[in-house]
Structures are given as C-alpha cells and as structure tokens.
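The values are calculated or read from the model by the stated rules, or taken from the named source; none is laboratory data. Predicted model, so just to flag it, every value in this text is computed and none were measured. Cβ placement follows ideal geometry from the backbone for every residue including glycine, while neighbour counts extend to all protein chains displayed. With ligands, DNA and RNA removed, areas are computed over all heavy atoms of the protein, side chains included. Shrake-Rupley method; radii C 1.70, N 1.55, O 1.52, S 1.80 Å.
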Amino acid sequence: DAAKHYDDCYHDYLFAWCNRDNLALHYGYWDRDQPYEQHQALLEKNQVLYDKAGITPQDEVLDAGCGIGGSSIWMAREHGNRVTGITISAKQAAYAREHARRHGVGERVAFEVADFCATPFADASFDVVWALESSCHALNKGDFLREAWRVLKPGGRIVVCDGFLLQRQFDERQWQAVVTCLNGWAVPNLCARDEFEGLLSQQGFTDVQCHDITAQTQASAEHMYKVAKRLQPVQKISQWLGLRTKAQTANYQVGLAQYVLFSERLTEYCIFTARK
C-alpha cells in the first residue's frame, strides 16, 4: 500500500507540495523568527534533524525510507556525507537516482529497494540511521528499531522524526480524521511518545531525547490545508472524470484531515534522537 501510494502520488507531491530542489515528502520546519517560504521550510527540516543528531560530514548515513531522495541528496550536497537511501518502491529508487545525478551527487549517494525492517546490510555498517516521516509505515515500530540497532556501529546514532498520538479515545468525527490520515498515507498505526521512547530503551538505545517541534510544524500543516482547499474544485472535477486514482484521492483527503489532528491536539510532532 505504501509503495502504491508514493508511486501514484509522485507528480502530485511535486506539483502541490515540494519542488525538484528539496524533493521533500514531509512537513517543513517553520521558525517563527525567520520569514520562511514553504520550500525553505522543507529544507530547514533537514538541517534541524542533522543538528539534533550531531551528524558530521564524515558520518555514513542510512536514510531509512528515503522517498525520492530529498534528505539523502541534501546531506551529500550540503555536507558531503555518503548516504545510502532505501525505499520499498522501485520507482522511488529510480527517481531518486535521477535526481541525485541532476544535483551532481550521484557518486556520494546510493539508492536501493529494501525494507527498513529487514535490510541487506551487514552489522555495524552505518554511523547514523535517519528516518524522516518513514518509521510510521512500520507495522511494528520495534522491528524497525531492532534493525536500526543492528546496522548501526557502536556509538552510532538514530534520528526519527514523525507524528505521535496524544490520545487513544476519540469522538466519531475525530476518529474519522485519524482514519483518513492513516489510510490516505498508507500508515498502519501511530505510536504515542512514551511508547516509542519505551521501544528505543527496550532495544538498548541510550541518551534517548525527544524534541517536541509541534509548534514549528503547525504552519506547515496549515499550508497543506490551504493548498488542499484551493485544489478542491480541481480534485472534484478530475475525480468525476476518472482522472484520479484511489491513492491520489486518498492523499488529497489527508490534506484536509491532517489539520484536524494538529488543530485539535490529537497528535504531536517530535524528533527522537538516541545512541547505540
């Protein structure tokens, strides 16, 4: 389902959300003291994760759930890192390779088709495991963390950025918004913050830190909602004409529903960092 979602929605993301510079399939980071535009905010998210995880140009990074290569290419282009990106979509891997060549970093990044819960890499292969809005796609988040632990070198770091549930009880309208988001983005479930922290500790990670950046993400959620509202007539006509796939229509509906999760504090948005 996740591969189908991203394959079908590739051009939608490039048209309505990101561009060929940032290639970002994630929320942006809006610092209220900086007059960011949407595309700057998407790039800024990479820098925030890079700094929080204490990554250096010498670190070899596994981008677990790399999408179309945005973060991998950014790390190679801006900091000179060697990065391996993995995705379960063969189309995404092909797109990412094309974008890497276009950005002139084809020799510093590699993209492979692999499941981040069961990768083909040897033990202790990477200094950093990076998961930007990707770990949510794991049915069991512990499986992802177990594999991250295995491929990390001793002293290596993991950085995970994602949404986390703030409650388990919802009224009917709220629950419909949650289900729309999960189904529309092919996400099986979301953890609560304490659950994810517990899974990290259970796996053996130390120096576990959680950085709540919900406030810096709110403007991105608002931007997504406004874009979806503007495109509503186009969506309705295209859907009526049979020009939209099921995945594309579901993706569009998330643009409206995700705002409920943020505005009504059903979810929070956090960065976790930890060390092996």
By how many degrees, between 0 and 90 and to the nearest 10, does the Cα long axis of helix 90-102 differ from the longest principal axis of the chain?
70 degrees
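Out of the total accessible area of the range 190-252 (probe 1.4 Å, heavy atoms of protein only), what percent is carbon and sulfur?
Working: 1930 of 3560 Å².
In the range 190-252, the share of accessible area belonging to carbon and sulfur is 54 percent.
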Provide the percentage of antiparallel DSSP beta bridges, counting only those with both residues in the chain; round to the nearest 5.
45 percent
Under 5 Å between amide hydrogens, which residues at least 5 positions from GLY156 or on another chain qualify, with H placed 1.01 Å from N in the peptide plane?
LYS276
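On average, how much accessible surface per residue is there in the range 4-118, in Å², for a 1.4 Å probe, leaving out ligands, DNA and RNA? Show your work: numbers first, answer last.
Numbers: 4960 Å² over 115 residues.
Value returned for the range 4-118: 43 Å² of accessible area per residue.
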Just TRP240, TRP175, TRP185 to compare: in a GNM of the chain, with alpha carbon springs under 10 Å, which one fluctuates most?
TRP240
Which residues among the range 164-182 fall inside the zone where the amide N is under 17 Å from a point 7 Å beyond the Cα of ASP12, along Cα→Cβ?
177-182
In whole Hz and in residue order, list the ³J(HN,Hα) couplings for the range 22-31 that follow from phi through the Karplus curve 6.51 cos²θ - 1.76 cosθ + 1.60, θ = phi - 60°; x for Gly and Pro.
8, 6, 9, 9, 8, 5, x, 10, 10, 7
Between 0 and 90°, nearest 10: helix 70-79 axis offset from the chain longest Cα axis:
50 degrees
Sparse-neighbourhood loop sites, trypsin sites (Lys or Arg not before Pro) in the range 1-79 - DSSP loop, at most 16 other Cβ within 10 angstrom
ARG20, ARG32
Tell me the carbon and sulfur percent of the accessible area for the range 1-107, rounded to whole percent, probe radius 1.4 Å.
45 percent
With -39,500 (n - 2.57) per DSSP H segment of 4 or more residues and division by the full residue count of the chain, the 222 nm estimate, nearest 500 deg cm²/dmol, is -14500 deg cm²/dmol
Taking springs between alpha-carbon atoms closer than 10 angstrom, which of ILE237, ILE55, ILE213 fluctuates most in the Gaussian network model of the chain?
ILE237
Listed residues VAL83, VAL61, VAL260; largest mean-square fluctuation, Gaussian network over the chain with Cα springs below 10 Å, found at VAL260
